[in-house]
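First the structure, in the form of structure tokens, and then the observations on it.
The values are calculated or read from the model by the stated rules, or taken from the named source; none is laboratory data. Just so it is clear, the structure is predicted and the values come from calculations on it, not from any experiment. Cβ coordinates were reconstructed from backbone atoms using ideal geometry, including for glycine residues, and neighbour counts include every protein chain displayed. All accessible areas refer to the heavy atoms of the entire protein, side chains included, with ligands and DNA or RNA removed. Shrake-Rupley method; radii C 1.70, N 1.55, O 1.52, S 1.80 Å.
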Amino acid sequence: MLLLRAVTGRRLPLPLPRRAWSRTGAARFAAGSPGPGGTGRAAPVLAALLGLGAVLAYGERRRRTAQAAQAPRYPRYTREEVGRHRSPQDRVWVTHGTDVFDVTDFVELHPGGADKILLAAGGALEPFWALYAVHSQPHVLELLREYKVGELSPEEAPPAAAATGDPFTGDPPRHPGLRVNSQKPFNAEPPAELLAERFLTPNELFFTRNHLPVPAVDPGSYRLRVEGPGGRALSLSLPELRSRFPKHEVTATLQCAGNRRAEMSQVRPVKGLPWDIGAISTARWGGARLRDVLLHAGFEEQREGEWHVCFEGLDADAGGAPYGASIPYGRAVSPAADVLLAYEMNGEELPRDHGFPVRVVVPGVVGARSVKWLRRVAVSPAESPSHWQQNDYKGFSPCVDWDTVDYKTAPAIQELPVQSAITHPRPGAAVPAGELTVKGYAWSGGGRPVVRVDVSLDGGRTWRVARLAGEQPPPERAWAWVLWELRAPVAAGAELEIVCKAVDGSYNVQPDSHAPIWNLRGVLSNAWHRVRVSVRD
């Protein structure tokens with residue numbers, strides 16, 4: 001029996017469609033065997049007149065007609081109505097194609113865990129299923145059909161078009177699983193539940209940090225300018241960047257300076273987006289080394305004095321000022337720094353949100369220096385004059401407030417401190433008694449490897465060492481995070497405060513709290529990460 005959940009919430013039994021023409025019956029009829037109520041003589045005559053194919057086609061049409069007549073008629077819903085069902089209390093509804101499903105009773109049975117399927121609650125399954133090939137298998141769809149409760153209304157109006165004067169109208173579509181911190185400009189992070197599921201973050205779930213509208217770039221007319229004293233000016237098309245310089249690949253984690261700002265704001269309010277633990281992601285980047293391009297333009301490997309390489313993006317504010325940033329010249333030309341002019345991300349061309357057609361990737365350095373939609377590279381005796389280099393992304397003492405801050409007194413953030421966070425279980429979860437699995441990520445700036453992650457289940461009184469997983473990087477070039485895991489027995493009724501802290505190759509370790517590192521912009525938030533959960537029977 002199929003169960004139909006009506007709008008009233010009652011479950012109404014519906015019979016499964018009966019087969020009007022079974023395969024065995026059709027075979028007997030074609031062979032002249034007696035069927036129900038027949039002698040078997042009509043079949044050979046009919047087959048001779050119409051042909052066996054016509055008989056079978058006639059039977060198939062009758063079968064489909066009978067099935068359609070007996071198929072259940074489902075209620076119609078709008079996407080807004082589906083979106084009201086996002087929790088077990090309100091029922092968990094999802095869509096696939098034009099069908100609506102109530103999967104509340106399946107949530108706890110989901111092989112990937114309840115937290116994963118709840119990411120799609122109230123919306124479409126397709127963007128999440130696309131991340132895992134197992135969902136394309138026929139038995140998965142068969143299982144899903146058991147939970148069908150309705151269909152999407154064909155009259156549902158498409159989303160209203162954005163106002164023509166809105167500079168963000170041309171922004172690209174985004175994955176619905178991203179947790180949005182601001183729409184305009186768009187800033188979002190992947191769900192924490194998915195962060196440690198894969199070493200490489202899928203492109204569509206990679207955290208997005210935009211400062212301005214996403215530019216629409218024609219790859220055919222794109223040019224990258226390279227210039228500065230001591231070298232010759234270059235104007236490179238995308239095909240020239242690809243063909244003139246060897247392709248280099250590097251696996252690197254990018255992290256926003258404001259990652260985990262929401263925790264720091266609990267000490268005192270700070271100014272900035274309320275990032276949770278997901279303003280960090282890892283990808284395999286492909287492109288030309290910045291070093292190769294600069295040497296090709298005639299810039300020498302070493303320069304006397306303090307020189308910088310400045311980057312400008314194609315994204316610009318209402319006054320035409322582009323986003324900009326810079327890094328020290330020595331890092332830009334170092335063969336060990338792996339700085340890229342990247343045009344690929346995880347084996348694909350860069351997505352628009354992540355810098356198409358070319359961006360800078362500066363491994364081991366705060367994400368703000370990895371300028372997207374790159375239009376200009378300039379060697380300069382001074383740092384970038386950009387607002388984001390001069391008056392943002394700097395750290396200050398807890399005693400500095402907005403009345404006393406002077407951005408000229410602090411250096412721009414480049415390498416980031418050691419960091420780690422717990423991705424599973426989530427805060428407030430009720431976990432089953434027995435063996436608990438704790439997962440997370442750890443990373444350190446400057447290419448310093450993470451050598452250990454310590455995990456406590458009692459708020460930091462006692463500790464265990466987690467198991468690390470990740471690539472084996474060359475010395476001092478640990479650009480990518482490690483994923484870690486700890487398994488430990490837990491007793492029913494316990495209240496746990498899970499804590500993690502990472503140690504890097506220079507034995508830098510995370511501070512135990514945010515109060516001593518608080519700053520008015522909420523950057524460099526890397527205190528011990530704490531998650532409180534209860535253990536159920």
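When only C-alpha pairs under 8 Å and at least 6 residues apart count, what is the relative contact order of the range 179-391, in percent? Could the numbers behind the result be given before it?
On the way: 467 pairs, mean separation 50.6, N = 213.
Answer for the range 179-391 is 24 percent.
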Counting Lys +1, Arg +1, Asp -1, Glu -1, what net charge surrounds residue 109 among other residues with beta carbon under 13 Å of its beta carbon? -2
Residue-normalised value, i.e. accessible area per residue, for the range 76-152 at 1.4 Å probe, in Å², stands at 52 Å²
Quick note, the range 346-496: a/c under 1.5 would make it rounded; otherwise a/b > b/c is prolate and the rest oblate (a ≥ b ≥ c, C-alpha gyration tensor); here it is prolate
Counting only protein heavy atoms and leaving out ligands, DNA and RNA, the solvent-accessible surface of residue 223 at a 1.4 Å probe, in Å² to the nearest 10, equals 110 Å²
Heavy atoms only, probe 1.4 angstrom, no DNA, RNA or ligands counted: give me 530, 260 ranked by accessible area, highest first. 530, 260
Could you work out how far the C-alpha centroid of the range 460-507 sits from that of the range 379-438, in angstrom? 20 Å
Straight-line reach check, residue 148, cutoff 26 Å on alpha carbons, 8 or more apart in-chain or any other chain, hits among lysines -> 116
Candidate lysines for bridging to residue 394, where Cα separation is under 28 Å - those fewer than 8 sequence places away on the same chain excluded: 184, 271, 372, 408, 501
Å² of accessible area per residue within the range 179-391, as computed with a 1.4 Å probe and no ligands counted: 36 Å²
Point-to-point label distance, residue 401-residue 336, nm (Cα→Cβ direction, 7 Å offset): 4.5 nm
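Would you mind working out the magnitude of the charge dipole of the range 76-152 relative to its Cα centre, with +1 at each Lys and Arg C-beta and -1 at each Asp and Glu C-beta, to the nearest 20 Debye?
120 debye
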Percent carbon-and-sulfur accessible area, the range 76-152, ignoring ligands, DNA and RNA, probe 1.4 Å: 55 percent
Can you tell me the accessible area per residue over the range 418-535, all protein chains present, probe 1.4 angstrom, in square angstrom? 41 Å²
What does the accessible area of residue 338 come to, in Å² to the nearest 10, when a probe of 1.4 Å is used? 10 Å²
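Quick one: pull the percent of accessible area on the range 179-287 belonging to carbon and sulfur, 1.4 Å probe, ligands and nucleic acids left out. Working shown, then result.
Values: 2140 of 4210 Å².
Its accessible area is 51 percent carbon and sulfur atoms.
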At 1.4 Å probe size, with the rest of the protein present, what percent of the exposed accessible area of the range 418-535 is carbon and sulfur atoms? 51 percent
